[in-house]
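The values are calculated or read from the model by the stated rules, or taken from the named source; none is laboratory data. No experiment lies behind these values; they were computed from the predicted model shown. Note that we place each Cβ from the backbone using ideal geometry, even for glycine, and neighbour counts take in every protein chain shown.
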Amino acid sequence: MKKEERLINKFKRLLRRLGMPRWLHKYGPKKYELKHHLLALVLKQECKQGYRRITRMLRSLGIKCACSSGLWYAMNRIPLSLWQKVLAATASKSCYILAIDGTGMSRSLASPYYYWRIDKPYPVEIPLKLSIVVDTKNKENFSSQAESCKGS
């Protein structure tokens, strides 16, 4: 239990150092603070678990946590600037030699009936482009970005 307490205290210090607001929004009920939402969402990403499983795990540890749908809505409400502050504060170090690799993937096509229902020409093919940045010294994956490419 001491490890979990240390992790939570470390996370609280990080949020204080970044100057994050106490609440996610100024309206509505003030039941969960921003630190509760961010802790659950960061653990969800780190443990690669779903919203329901993370909610169940945190509540079993005695940590105040919103329900799974509340976490999902909080994830959509948190602005990108707050996530960038958290990422900048938790990035271990800067690196100088990076490798970037991109690849394209094709998607499976839907049925002709589906295209008829949505009044689209058949077939519509929008490939997916995936880009990955890797540190060549430590072999750490920094970011992956998937985006739709129209016409390429």
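Here are some notes:
- Matching residues in the range 14-28 - criterion: being surrounded by 10 or more Cβ atoms within 10 Å (Cβ to Cβ) and closer than 16 Å to Pro79 by Cβ: Leu15, Leu18, Met20, Pro21, Trp23, Leu24, His25
- Between Ala74, Ala99, the distinction of being in contact (Cβ under 8 Å) with a residue 40 or more places away in the chain and closer than 30 Å to Ser131 by Cβ belongs to Ala74 only.
- Considering the range 53-103, and only residues there that are of a type in the set (Val, Ile, Thr) and not in a helix (DSSP H, G or I), the residue that is modelled with the lowest pLDDT turns out to be Ile97.
- The range 1-44, residues that are among the basic types (Lys, Arg), in contact with a helix residue (DSSP H, G or I) (Cβ under 8 Å, 6 or more places away or on another chain) and not in a loop (DSSP other than H, G, I, E, B): Lys12, Arg17, Lys35, Lys44
- The set of residues in the range 38-64 that are loosely packed, with under 14 Cβ neighbours inside 10 Å and either of a type in the set (Gly, Ala, Ser) or touching a His at 6+ places or on another chain (Cβ under 6 Å) (or both) comprises Gly50, Ser60, Gly62, Lys64.
- The lone exception for Cys47 - which of (1) in contact (Cβ under 8 Å) with a residue 12 or more places away in the chain; (2) within 29 Å of Thr136 (Cα to Cα); (3) not aliphatic (A, V, I, L, M) it fails: (1)
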